[in-house]
Structures are given as C-alpha cells and as structure tokens.
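Note sheet for the following structure.
The values are calculated or read from the model by the stated rules, or taken from the named source; none is laboratory data. Note that this is a predicted model, so its numbers are computed, not measured. No Cβ is skipped: glycine too gets one built from the backbone with ideal geometry, and neighbour counts run over all protein chains shown. Protein only, heavy atoms only, side chains kept; ligands, DNA and RNA dropped before computing areas. Shrake-Rupley method; radii C 1.70, N 1.55, O 1.52, S 1.80 Å.
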Amino acid sequence: MHCARIRTALSARLDGEQLPPGVTDHRLDAHLSGCADCRQWQARARELAADLGRAAVAAEGDTASAEALLAHLRSRSTSG
Ligand SMILES: [Zn+2]
C-alpha cells in the first residue's frame, strides 16, 4: 500500500475518524513496522495534534499565548 494512503488513514485515526475503506488498524500497524518514513510522519502528526489541542485550550483563556503558539506552528510548518 502506498505511503500516501497510509498517511491519510493515519491522520483519520489520529483525529478519531473512521478509517478509509479497505484500510484496517492491522494494516496501518503492519505498514508502520516496516516504514520508518511513516513512523516519523505519524510522530510529527501526533505532535502537531497535541500542539493544536493546547492552542485550543489556551485560546479559551489566554489569547496572546494562543496566538504565539499558532505563530510558532506556522513557522515550523514552513520548514518542511
Ligand atoms: Zn510508508
């Protein structure tokens, strides 16, 4: 299975969404065990999701720090 399809499915799984048709948890894990690129991608996606979660929490009480965090995320996303 192509890495692009795996990553789409991984993204859905991280978001708690339904996996694309034909993709199972088992297939994702099997691919991850043999593909360092996708393992790295998932780690990065998890980190970003955690950052966004913190930004959402911060935005409720502290607009300035939420904006700073979002600026930080933007600067990081342009670096690749
Ligand atoms: Zn892969």
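For this structure, a couple of remarks:
- Residue pairs whose Cβ atoms lie under 8 Å apart, separated by 6 or more positions or on different chains, with the first residue in the stretch 46-57 and more than 12 Å from Ala68 (Cα to Cα) and the second outside any helix (DSSP H, G or I), are Ala49/Asp15.
- Residues in the stretch 26-42 that are surrounded by fewer than 16 Cβ atoms within 10 Å (Cβ to Cβ) and within 19 Å of Leu73 (Cβ to Cβ): Gln40 only.
- Of the criteria (1) open to solvent by less than 60 Å² (accessible area, probe 1.4 Å); (2) part of a helix (DSSP H, G or I); (3) aliphatic (A, V, I, L, M), which one Val23 fails: (2)
- Apart from one condition, Ala45 fits all of (1) open to solvent by 60 Å² or more (accessible area, probe 1.4 Å); (2) in a helix (DSSP H, G or I); (3) at pLDDT 90 or above; the exception is (1).
- In summary, Asp15 fulfils each of the numbered conditions (1) open to solvent by less than 40 Å² (accessible area, probe 1.4 Å); (2) out of contact with any Leu (no Cβ under 7 Å at 6 or more places or on another chain); (3) modelled with pLDDT under 95 with the single exception of condition (1).
- Sole exception among (1) among the β-branched types (Val, Ile, Thr); (2) in contact with a Leu (Cβ under 8 Å, 6 or more places away or on another chain); (3) outside any helix (DSSP H, G or I) for Ile6, by number: (3)
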